[in-house]
Amino acid sequence: MRTRRKNGQQTVAYHQRLEKSDLIEIYRRLWFARLFDEMLYDAKKKGRLRRGNVYGSRGQEAIMVGTTYPLRPDDFVSPIHRDMPVFVFRGMTVEQVMCQVWGKAEAPTRGKDSWSHMGDMNLGIVHSTSMLGSTIAVACGVLWAQRLDGRRDRVLVAYTGEGATATGPFHEGVNFAAIHKLPLIVVVENNQYAYSTPVELEVPTKTVAERAKGYGIPGYSIDGNDFNVVYDTMCEALAHARAGNGPVLIECVTYRLQGHADHDETRARQYRPVEEIELWEKRDPLPRYREYLLSTGLFEESELPTPPLDIKQQIEQAIAYAINSPDPEPHTALEDIYDESAGVSL
């Protein structure tokens, strides 16, 4: 695969510049994301996980890995509820994330939440919001603060869903970022459904990426199940944003293979055609990437296990760690609500 730049010169695609060690790491991250999802669903079904909901991301692994792998350590990310592995990719331990899921005292939120509403600014992880469109506005605030501090090259990758692009905060955020040329990359995970609403009832245009025209920014609509396509597009977007040219919108077209969450599995079979599910099952990003790796001639079949058993063991150990970790004490429920350094407390 080759890409043609504006000057007419042909260059090797970004993914073709990766070393063999990178390819192995990418393959392992794809499997980590898949096993993370499968093992949490299994824990919920077997009663090992008794609180909260599990928001699956099976089939969307190429988006998480492809958008994070080319980032610098000092860049920001703002993951949403289907991006839990991103927290690990950006520096949190698997044990921390599992403690979050189990609502334990050692979790980043100290047991006050059991899913994705957490962050760590030391790692560049921005706390997400439940109203997904609002994550864009929060991202703008982080980048504006960086500009006031004299930093203009730290990119922030804000994830959102296709349904959220129809909300006011999404428009206000992208509009602000475009006007001030903030280094924001908006990754729209178009998995065809906002809960149970199909994409054709969410967006009037042929693609979500067409919304970018209204802001005068680049917009890409890509195959979100092809790691190489996601990675190459992300590299282009990063170069654009770091050069001071402003935000980029990337629509990653994918599919939500499960219900909205584990509580929606039965109902989801009613509003999604069986033929549609079967079609997208065949577009699974993991076997596609494995086939690509084998086609390079760099790997033997034995080098690409399905799955890597050590990753499965790592996740199981983290689950066991979380289950056996202490629950939060009742008196901590009102702690960390306000910034007490500002003189506000309960």
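The values are calculated or read from the model by the stated rules, or taken from the named source; none is laboratory data. Quantities reported herein were computed from a predicted structural model and do not represent experimental measurements. Backbone-built Cβ (ideal geometry, glycine too); neighbour counts: all protein chains shown.
Among the candidates Pro183, Pro169, Pro204, single out the residue that is within 22 Å of Ala241 (Cα to Cα), without any contact (Cβ under 8 Å) to a residue 40 or more places away in the chain and over 17 Å from the mean Cα position of the chain (by Cα).
From the options Pro183, Pro169, Pro204, the qualifying one is Pro169.
From (1) touching a residue at least 40 places away in the same chain (Cβ under 8 Å); (2) part of a helix (DSSP H, G or I); (3) crowded, with 21+ Cβ neighbours inside 10 Å; (4) of a type in the set (Gly, Ala, Ser), pick out the condition that doesn't hold for Ala178.
Of everything listed in (1) touching a residue at least 40 places away in the same chain (Cβ under 8 Å); (2) part of a helix (DSSP H, G or I); (3) crowded, with 21+ Cβ neighbours inside 10 Å; (4) of a type in the set (Gly, Ala, Ser), Ala178 misses just condition (3).
Scanning for something in contact with a Ser or Thr (Cβ under 7 Å, 6 or more places away or on another chain), of a type in the set (Ser, Thr, Tyr) and under 27 Å from Gly56 (Cα atoms), does segment 138-159 turn up at least one residue?
Within segment 138-159 (the criterion being in contact with a Ser or Thr (Cβ under 7 Å, 6 or more places away or on another chain), of a type in the set (Ser, Thr, Tyr) and under 27 Å from Gly56 (Cα atoms)), the answer is yes, since at least one residue qualifies.
Quick one: which helices (runs of 4 or more DSSP H) sit completely within segment 205-294 and have at least 1 residues that are at pLDDT below 95, farther than 26 Å from Tyr27 by Cα and among the acidic types (Asp, Glu)?
The helices (runs of 4 or more DSSP H) meeting that bar are 265-271, 274-281.
Check off (1) buried (at least 22 other Cβ atoms within 10 Å of the Cβ); (2) closer than 24 Å to Phe176 by Cβ; (3) at pLDDT below 95 for Ser78 and give me the number that stays unchecked.
Status for Ser78: all satisfied but (3).
Within segment 188-201, can one find any residue that is touching a strand residue (DSSP E or B) at 6+ places or on another chain (Cβ under 6 Å), of a type in the set (Ser, Thr, Tyr) and not in a helix (DSSP H, G or I)?
no
Of these, Pro204, Pro183, which one is surrounded by fewer than 22 Cβ atoms within 10 Å (Cβ to Cβ) and either closer than 28 Å to Asn53 by Cα or not hydrophobic (A, V, I, L, M, F, W, C) (or both)?
After ruling out the rest, the residue left standing is Pro204.
Suppose the filter is surrounded by fewer than 22 Cβ atoms within 10 Å (Cβ to Cβ), farther than 16 Å from Arg90 by Cβ and touching a strand residue (DSSP E or B) at 6+ places or on another chain (Cβ under 9 Å); does Val142 pass it?
For Val142, the condition - surrounded by fewer than 22 Cβ atoms within 10 Å (Cβ to Cβ), farther than 16 Å from Arg90 by Cβ and touching a strand residue (DSSP E or B) at 6+ places or on another chain (Cβ under 9 Å) - is not met.
Can you name the residue in segment 300-313 that is touching a residue at least 24 places away in the same chain (Cβ under 8 Å) and over 14 Å from Arg34 (Cα atoms) and is also surrounded by the most Cβ atoms within 10 Å (Cβ to Cβ) among such residues?
Leu304
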